[in-house]
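Contents: one structure, followed by commentary.
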Amino acid sequence: MTATMKAVIVRAPNDFAVEDVSRPECPRGGLLLKVLACGLCGSDLRTLCHGHHRVTLPWTIGHEISGCVVETGFSGAGPWKPGDMLAVGPLVFCGRCDFCFDGRYELCDGYREIAQHWPGGFAEYIAIAPEAVERGVIQHIPAGLDPAIAAVAEPISSCIHAQEQGQIGLGDTVAVIGVGPIGSMHLELARLRGAWRTLAIDIDVSRLKLCEDYAPDEVIDAARTDAVAEVRRITQGRGADVVITANASPAAQVQAVEMARKGGRILLFGGLPQDQARPGIDTNLIHYNMLRVIGTTIFAPRHYAMALHLLAGGRIDGQRFVTHRFGLADFRQGVELAMQGKVRKAVFIP
Ligand SMILES: [Zn+2]
Ligand SMILES: [Zn+2]
């Protein structure tokens, strides 16, 4: 008789449940982990509602994972042994493309993801494929770091990568448009990198309220005021040194360009829906004001290692970021709360 486990199975958009399924075997050259925690991401909510072009249902999602090794598929000594506590990032780089050769893993032409190509972490156990052991983003959880906090190193890594691209530094005024979980993390990181002022901008009052935990210097309700005019007023007409868009709103990208100072940087962190990806930006502002519009996506292994160290050292406050913890049995409840915007980051502990 094969052993069973509990896992979230997504059968169709808006049709998902915790079910008894067979427990995965440890793959040769891979690992079998007992999942210690798995974070819920905004992209998971989209997949639960609408499906995902890289996921074939039925499927188990969940890509912000920490786990404990129960079995290894190595003959002889491998990089990890039973009992090791690991933080597992979802990206598995191809290792063969020009970008991987350049060490620019974030541009890899052929990367695959745990929870898309292989089943994800909303389950009691997860099999880690040999490719992920060889070319993935797996790290020991630093001593003393709560596995539920280690699990959220993944979204933080993307934010660290973006701010590195934007060269946010000492004395910058940083405006963040969209202050959900990711925008809030951008507020914290900008401060950590030496920002003088952080401006939190959103059209949703409950998100603005929730982000006050991050003590932004100014909170701008873009549904009621002209956010561009507000940023100009606060900066004595100058504009923000850096503007980060952390949402999927075309209007936010248009405004980002309009509220940046001359020579400023605009980080397009959030992608747009395919059919809205030509939002009508005034490119003369980019030209005459010598703006730098910077796209960023995913991250490289070093950003993941950095996120874990910053969390372990308390330089990033993981407890503040993770506002809710649920058992796997309460998956639906957690998802519903997250959908209502009442949660910054929910983590499930199977
Ligand atoms: Zn995520
Ligand atoms: Zn590659």
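In this simple spin-label model, placing a label point 7 Å from the Cα along the Cα-to-Cβ direction at both GLN276 and ASP226 gives a separation of 2.3 nm. Spin-label model, GLN167 to ASP102: label points 7 Å out along the Cα-to-beta-carbon direction sit 1.8 nm apart. Expressed as an acute angle from 0 to 90° and rounded to the nearest 10, what is the orientation of the C-alpha long axis of helix 250-259 relative to the principal long axis of the chain? The two axes meet at around 50 degrees. Using C-alpha pairs under 8 Å with a sequence gap of at least 6, the mean separation divided by the residue count of region 37-122 gives a relative contact order of 32 percent.
For the ranges 13-24, 229-240, 255-266, what's the packing order if you count other beta-carbon atoms within 10 Å of each residue, average per peptide, and put the highest first?
On the way: 13-24: 15.1, 229-240: 17.1, 255-266: 21.8.
Packing proxy ranking, top to bottom: 255-266, 229-240, 13-24.
The lysines within cross-link reach of LYS81, meaning a Cα-to-Cα straight distance under 22 Å and a gap of 8 or more places when in the same chain, are LYS34.
Could you give the angle, 0 to 90 degrees to the nearest 10, between helix 181-192's Cα long axis and the longest principal axis of the Cα atoms of the chain? Long axis of 181-192 versus the principal axis of the chain: about 70 degrees. Take every Cα pair under 8 Å whose residues are at least 6 apart in sequence, average their separation, divide by the length of the chain, and the relative contact order is 17 percent.
Dividing the convex hull volume of the alpha carbon atoms of region 39-150 by its residue count gives 128 Å³ per residue. In a DSSP loop and with at most 12 other Cβ atoms within 10 Å, the trypsin sites (Lys or Arg not before Pro) in region 171-228 are ARG224. Projected label points at GLU19 and ARG320, each 7 Å from Cα along the beta carbon direction, are separated by 4.1 nanometres.
Over all other residues within a Cβ to Cβ distance under 11 Å of LYS342, the charged ones net out to +2, with Lys and Arg as +1 and Asp and Glu as -1.
Segment ARG28..ASN289, full-extension length gain: 88.4 nm, with 0.36 nm per residue of separation and the alpha-carbon distance subtracted. Other residues within the sphere of radius under 15 Å centred on the Cβ of TYR288, judged by their own Cβ, net out at +1 (K and R +1, D and E -1). Across the chain, Cα-Cα distances exceeding 27 Å account for 47% of all pairs.
A 1.4 Å probe run over the chain, with the rest of the protein chains in place, finds 44 Å² accessible per residue. Mean residue ellipticity at 222 nm from the helices of the chain, using -39,500 (n - 2.57) per DSSP H segment of n ≥ 4 over the full residue count, to the nearest 500 deg cm²/dmol? Value at 222 nm, helices only, nearest 500: -8000 deg cm²/dmol. Ranking CYS68, TYR304, GLY280 by Cα position along the charge dipole of the chain, where only Lys, Arg, Asp and Glu carry charges on their C-beta atoms, puts GLY280 farthest toward the positive end. Evaluating 6.51 cos²θ - 1.76 cosθ + 1.60 at θ = phi - 60° for every residue in region 221-226, the Karplus couplings come out as 8, 6, 7, 10, 10, 7 Hz, glycine and proline recorded as x. When the trypsin sites (Lys or Arg not before Pro) in region 24-128 are filtered for DSSP coil states and for at most 16 other beta-carbon atoms within 10 Å of their beta-carbon, the remaining sites are ARG28, ARG54, ARG96, ARG104. Here the chain has 51 percent of its accessible surface on carbon and sulfur atoms, given a 1.4 Å probe and all protein chains in place.
When +1 charges are put on Lys and Arg Cβ atoms and -1 charges on Asp and Glu Cβ atoms, the dipole computed for region 167-295 relative to its Cα centre reaches about 400 debye. Taking amide H as placed 1.01 Å from N in the peptide plane, ILE141 has its amide H under 5 Å from the amide H of MET85, LEU86, ALA87, each at least 5 places away in sequence or on another chain.
The values are calculated or read from the model by the stated rules, or taken from the named source; none is laboratory data. Everything numeric in this text was worked out from a predicted model, so none of it was measured. Positions of Cβ are generated from backbone atoms using ideal geometry, with glycine treated the same way; all protein chains shown enter the neighbour counts. When the accessible area is computed, the model is the full protein with side chains, heavy atoms only, and any ligands, DNA or RNA have been set aside. Shrake-Rupley method; radii C 1.70, N 1.55, O 1.52, S 1.80 Å.
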